[in-house]
Amino acid sequence: MVDSTAQIGAQQVWAQGNTGKGVKVAVLDTGGLDHAVDTDKVGRADRQAQLTGTASHWSGTTAAIGKYSREVSYDGGATWQGAELSHRGDGWRTALHAPKSARFVTLRGTAKDSAGNSVSQTITRAFGLR
């Protein structure tokens, strides 16, 4: 394990008498996004697979997840395509249409709740294609 106190200049701050005493610290739970797709044993999906995404609720809030968006990239994030979504149950589904040259799918998603909280996530090479 690396001692990062030198990297952030902690010794100099402590030498000035700053200890952090009385500082309030907040824990921010931003929720999360989960993506599901049927894959084979080595993690590859069909080029025309159905991808389902769900968003978890934020700790301490009952606000409903109201907006969800997803983009896909078949070239490692160099270019992105907006994904058409259909809401079913507690998730959002996308039909993938991967070109023959694509080897992997990179995902980018964002969810927002009715209280104004949001979470964004990018997964490079989320899964392979067969």
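The values are calculated or read from the model by the stated rules, or taken from the named source; none is laboratory data. Worth saying up front: this structure is predicted, and the values here are computed from it rather than measured. As a convention, Cβ positions derive from the backbone with ideal geometry for all residues, glycine included, and neighbour counts pool all protein chains shown.
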Inset, instruction - Quickly run through the range 88-102 and pick out the residues that are surrounded by fewer than 13 Cβ atoms within 10 Å (Cβ to Cβ) and small (Gly, Ala, Ser). - result: Gly89, Ala95, Ser101
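Residue-by-condition table, conditions (1) at pLDDT 90 or above; (2) surrounded by fewer than 13 Cβ atoms within 10 Å (Cβ to Cβ); (3) more than 16 Å from the chain's Cα centre (by Cα); (4) not acidic (Asp, Glu):
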{"residue": "Thr52", "(1), (2), (3), (4)": "no, no, no, yes"}
{"residue": "Ala64", "(1), (2), (3), (4)": "no, yes, yes, yes"}
{"residue": "Gly77", "(1), (2), (3), (4)": "yes, no, no, yes"}
{"residue": "Ser86", "(1), (2), (3), (4)": "no, yes, yes, yes"}
{"residue": "Phe104", "(1), (2), (3), (4)": "yes, no, yes, yes"}
Legend entry - Filter result for Gly128 (in a loop (DSSP other than H, G, I, E, B), over 16 Å from the mean Cα position of the chain (by Cα) and not basic (Lys, Arg)): no
